[in-house]
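The values are calculated or read from the model by the stated rules, or taken from the named source; none is laboratory data. Here the structure is a predicted model, which is why all the values come from computation and not from measurement. Every residue, glycine among them, receives a Cβ derived from its backbone with ideal geometry; neighbour counts consider all protein chains shown. All accessible areas refer to the heavy atoms of the entire protein, side chains included, with ligands and DNA or RNA removed. Shrake-Rupley method; radii C 1.70, N 1.55, O 1.52, S 1.80 Å.
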Amino acid sequence: MKIWKAVPAAVAALALAAPMAMADTLDDVKKRGSLKCIVSTGLAGFSVTDDSGTWKGLDVDVCRAIAAAVLGDATKVEFIPTTAKERFTVLQSGEGDVLSRNTTWTLSRDTKLGMNFAGITFYDGQGFMVNADLDIGSATELDGATICVQTGTTTELNLADYFRRNGMSYESVVFETNDETRNAFEQGRCDAFTTDASGLAAERSVSANPSAYVILPEIISKEPLGPSVRQGDDVWFNIVRWTTFALIAAEELGVTSENVDELKTSSNSPSVKRLLGTEADLGEMLKLGDDWAYNAIKQVGNYGEIFDRNVGPNTPLGLSRGPNAQWTDGGLMYAPPVR
């Protein structure tokens, strides 16, 4: 099933209308005094509410950083939970200002849906999880299996590609939300559960018995995840993109939420001075104050802090940096020069 069949026809019209109708997002956010951030209905480590109802996660922190850069206050965010099927319509309709919801950057989404991806905040790939009792060690052993999968995602398409490429058959059992998919898998309605590898780690971490499940070693796709905005508003696109880059650059430069105040006054590094707004007046280029990046880093942290806090080795997900390490450490995280 192609994803376009699962997306309402109205999205196509909205994609054409959006550049003209939604070209003042920055003004709207400032007048409203809050950022409307589209997130998932719940995915541990990325966007989920805690016992007090507070949103937490890597995708959540990206939105908080944008709010800090634009409004000077990372708490000024209204979170809009959506299913995979709903997320694009909510963005295109103007109900949300930015989509930060474990969403894969693809050509068709970047063009046909009228979206612009502002960067990559998590490099991922699709995998499979099975019950340990099945004693399966490889995805190549899943011929004839039933697979739990979320509808309206690239996951469905990758699943079909993988089984066709390997000459295997399967039966998909589709659901609207992450929770529904995981629950069905845990209830034994499917032999395997497929989604992004980080998503599998997230879903296993909230299971009553995580050790009962095994994530298989195969990664069958590339899933570059990151925030996106509507096409046609370059000012807003630049803000979201460069806020994301600022978080990555801060980690490379050794600027953290704890030392940012000291470095703002004492650093002799031209790169740090430009990033923190004490040199070059770069904020004006984004139609923001020169403290835009300082506010994001001070209130939310650099990329490494965000990663470690939400999905890192000392969290229930227990993920290593892998490709999400800085380029200086052999990873793919790389920010263009802030200058």
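Quick check on the stretch 220-237. Is at least one of its residues closer than 22 Å to residue 319 by Cβ and among the hydrophobic types (A, V, I, L, M, F, W, C)? Yes: one or more hits. Can you tell me which residue in the stretch 247-273 is nearest to residue 69 (Cα to Cα), limited to those that are of a type outside the set (Ser, Thr, Tyr) and open to solvent by less than 30 Å² (accessible area, probe 1.4 Å)? Filtering the stretch 247-273 for residues that are of a type outside the set (Ser, Thr, Tyr) and open to solvent by less than 30 Å² (accessible area, probe 1.4 Å), the one nearest to residue 69 (Cα to Cα) comes out as 247. Residues in the stretch 94-130 that are among the hydroxyl-bearing types (Ser, Thr, Tyr) and not in a loop (DSSP other than H, G, I, E, B) were compared, and the one that is modelled with the highest pLDDT is 123. In the stretch 212-241, of all residues being open to solvent by 20 Å² or more (accessible area, probe 1.4 Å) and within 17 Å of the chain's Cα centre (by Cα), the one that is nearest to residue 62 (Cα to Cα) corresponds to 241.
What is the one condition in (1) open to solvent by 10 Å² or more (accessible area, probe 1.4 Å); (2) modelled with pLDDT of 95 or more that residue 65 does not satisfy? If we test residue 65 against (1) open to solvent by 10 Å² or more (accessible area, probe 1.4 Å); (2) modelled with pLDDT of 95 or more, just (1) comes out false.
Can you find a residue in the stretch 286-301 that is open to solvent by less than 60 Å² (accessible area, probe 1.4 Å), in contact with a helix residue (DSSP H, G or I) (Cβ under 6 Å, 6 or more places away or on another chain), among the aromatic types (Phe, Trp, Tyr) and modelled with pLDDT of 95 or more? Within the stretch 286-301, one or more residues are open to solvent by less than 60 Å² (accessible area, probe 1.4 Å), in contact with a helix residue (DSSP H, G or I) (Cβ under 6 Å, 6 or more places away or on another chain), among the aromatic types (Phe, Trp, Tyr) and modelled with pLDDT of 95 or more.
Is the stretch 33-51 home to any residue that is part of a helix (DSSP H, G or I) and touching a residue at least 40 places away in the same chain (Cβ under 8 Å)? No: zero hits. Note on the stretch 131-175: residues that are touching a strand residue (DSSP E or B) at 6+ places or on another chain (Cβ under 8 Å), at pLDDT below 95 and among the charged types (D, E, K, R) amount to 1. Here residue 244 fulfils each of the conditions (1) open to solvent by less than 10 Å² (accessible area, probe 1.4 Å); (2) over 27 Å from residue 156 (Cβ atoms); (3) touching a Leu at 6+ places or on another chain (Cβ under 7 Å); (4) not small (Gly, Ala, Ser) apart from (3). Residue check: residue 184 meets all listed conditions (1) open to solvent by less than 10 Å² (accessible area, probe 1.4 Å); (2) of a type outside the set (Val, Ile, Thr); (3) within 25 Å of residue 333 (Cα to Cα) but one, namely (3). Filtered by the rule that a residue be open to solvent by less than 10 Å² (accessible area, probe 1.4 Å) and within 18 Å of residue 40 (Cβ to Cβ), the stretch 68-99 gives 82, 84, 87, 88, 91, 92, 96, 97, 98, 99. Among the residues of the stretch 160-180, is any of a type in the set (A, V, I, L, M), open to solvent by 30 Å² or more (accessible area, probe 1.4 Å) and within 15 Å of the chain's Cα centre (by Cα)? Checking the stretch 160-180: not a single residue is of a type in the set (A, V, I, L, M), open to solvent by 30 Å² or more (accessible area, probe 1.4 Å) and within 15 Å of the chain's Cα centre (by Cα). Taking the listed residues 131, 116, 102, the one that is surrounded by fewer than 19 Cβ atoms within 10 Å (Cβ to Cβ) and not hydroxyl-bearing (Ser, Thr, Tyr) is 131, with no other qualifying. The criterion of being farther than 16 Å from residue 96 by Cα, open to solvent by 10 Å² or more (accessible area, probe 1.4 Å) and in contact with a helix residue (DSSP H, G or I) (Cβ under 9 Å, 6 or more places away or on another chain) holds for residue 56. For first residues located in the stretch 105-116 and within 12 Å of residue 154 (Cα to Cα), partners that are β-branched (Val, Ile, Thr) and in a loop (DSSP other than H, G, I, E, B) and lie 6+ apart or on another chain with Cβ distances below 9 Å form the pairs 105/120; 109/103. Screening residue 91 against (1) within 15 Å of the chain's Cα centre (by Cα); (2) closer than 22 Å to residue 317 by Cα leaves a single unmet condition, (2).
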